[in-house]
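One structure below.
The values are calculated or read from the model by the stated rules, or taken from the named source; none is laboratory data. Computed from a prediction, not measured in an experiment: that's the story for all the values here. Positions of Cβ are backbone-derived with ideal geometry, glycine not excepted, and every protein chain shown enters the neighbour counts.
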Amino acid sequence: MLMFHEFYIGTLDMVCLNFGVITLIPKIVVENPDGEEPRASPPHRQHICRSGGCRGTWPAGFELSLALFALVGAVCYYTGTLIALCMRADGSVATYPDVGQLAFGAAGRRTVAVFMYVELYLVAISFLVLEGDNLDKLFPGAGVELLVASAALTASLVWAGVSESGFGGSGNVLNLAGLPTSLGLYFVCFTGHAVFPTIYSSMKNRERFSQVLHFSSVLCSLNYGLTAVLDYLIYGDNVQSQVTLDLPSGRLYTKIAIVMTLVNPLTKYALLVAPITSAIEETFSLVGSGSARVAVSTALLVSTVAVASMVPFFGFLMSFIGSFLSVIATVFFPCLCYLKIYRAKGLRRVEVAAIVAILLLGAFVAITGTYTSLLDIIGTF
């Protein structure tokens, strides 16, 4: 019974980390040559559409996107297993920075820590942006922003298709211009590698980590895929940047979906910023000071709110996180650390070739996706 409980908790941790971005899966904003404006959306989204002309679309083609989504999911699952193998090489390894230190010494530890904390910080900001977008949908014009959430969201989407518009949406077969942005967002969906070592080291039976990783990856993939397919079949090229923005206003199921979406980030925000807070406390020797710890946590919260208010472009921000930070954390660090740690023990050529191919894919996404997402963000100001 204990082993089942541990398996359940470990799986739940991984699933909760990844389900936070389910609302953005179906769509990115891309240029619309026809100048067609989408349906009503929050003020900053309307500004984007008016200034550049935009249209909802599945960026790289519906079928191709699903194939790429599956590819990214498989890659992230494999790199997750590489992290577990790196940790098994030394029993003292307990965190992601520890893995970096085991492979590349103190420099590796600092590098991994910096990218890990920046990624967690930006994901926390994106959750606040998500909160604001959905509050605007739930309470239009209001000045005050006031595993179940994801299921409720998907169920609401199914009901919207059945009772409202049906499943007759259509879209472009292929749009290569959206490929870099799509890949970046797909990597965000499966990010979480930064806390895999923490989950691994906290398990009593660490041999079950692979089962936890496999089960949670399959569960996330199915939920993401179902949500994406449903939204695209219902709205086609008119799909917006977040699933909840597509649902008709005023309906009970829409309100349920939005409330569940609002609850989701709130339950994970503390989990994301906790490692950052701990690192600051350790750096400045504030571990035993209660008031200082409260001050650090408050300052961190205020800073994320401030940044979120300045960059309220959820899809673009998540694309940047996925293309740059998530690719580094989920592709480059696991692969490079694994090669460095196990090089002396000998690696099969097939394994090395697979890792090199994954690194090349990561380099493509990091370069093209980061460039595209930065242009999108800059273009909205």
Meets criteria (within 30 Å of residue 280 (Cα to Cα) and surrounded by fewer than 17 Cβ atoms within 10 Å (Cβ to Cβ)) for residue 360: no
Long-range neighbours under 7 Å by Cβ, at least six apart or interchain, first residue closer than 17 Å to residue 380 by Cβ and modelled with pLDDT of 70 or more within segment 302-323, second outside any helix (DSSP H, G or I) and not polar (S, T, N, Q): 317/311; 318/21; 319/28
Residues of segment 185-197 satisfying the condition of being in a helix (DSSP H, G or I) and touching a Ser or Thr at 6+ places or on another chain (Cβ under 6 Å): 185, 187, 188, 193, 197
Sole residue being under 25 Å from residue 366 (Cβ atoms), modelled with pLDDT of 90 or more, within 23 Å of the chain's Cα centre (by Cα) and crowded, with 19+ Cβ neighbours inside 10 Å, chosen from 79, 111, 95, 23: 79
Residue 213, sole failed condition from (1) crowded, with 21+ Cβ neighbours inside 10 Å; (2) touching a Lys or Arg at 6+ places or on another chain (Cβ under 9 Å); (3) modelled with pLDDT of 75 or more: (2)
